[in-house]
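Notes to accompany the following structure.
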Amino acid sequence: MEIKLNNINFGEKTVKIESNSVTELLEKLSLNDDSVILVGKDGKIYTKDQSIREGDEINVVEVFSGG
């Protein structure tokens, strides 16, 4: 399945994954689920227990912390 991603660092790209798993998508991108939030075009937040559908457009928002 193909998913469209958008991120400030890598811009827009399409990623192919085998299943509809958020975990697989994060692994494919070498991202830690504690360091990013996946937000759909409609504002839906994707967590590890949710499914991705073919053609979903997802923004990868990096989470920063500091003091």
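The magnitude of the dipole of region 2-62, with charges of +1 and -1 set on the Cβ of Lys/Arg and Asp/Glu and taken from the Cα centre, is near 140 debye.
Cβ-Cβ distance of Glu57 and Asn9, R₀ of 25 Å, FRET efficiency by 1/(1 + (r/R0)^6): the value works out to about 0.90. Only lysine pairs 8 or more places apart, or on different chains, with alpha-carbon atoms under 12 angstrom apart are counted in region 1-50, and they number 4.
Proximity of backbone amide H atoms, modeled 1.01 Å from N, is registered between Asp56 and Lys4 at under 5 Å, excluding neighbours fewer than 5 places apart on the same chain. Helices in the chain, meaning DSSP H runs of at least 4 residues, each add -39500 (n - 2.57). Divided by all residues, the mean residue ellipticity at 222 nm is -2500 deg cm²/dmol. Counting 0.36 nm for each residue step from Phe64 to Ile37 and taking away their Cα separation leaves a gain of 8.6 nm. Once C-alpha pairs closer than 8 Å and six or more residues apart are averaged by separation and normalised to the residue number of region 8-52, the relative contact order reads 40 percent.
Bear in mind these aren't lab numbers, they're just calculated from the coordinates by the rules spelled out. Here the structure is a predicted model, which is why all the values come from computation and not from measurement. Cβ sites come from the backbone with ideal geometry, for glycine too, and all protein chains shown count toward neighbours.
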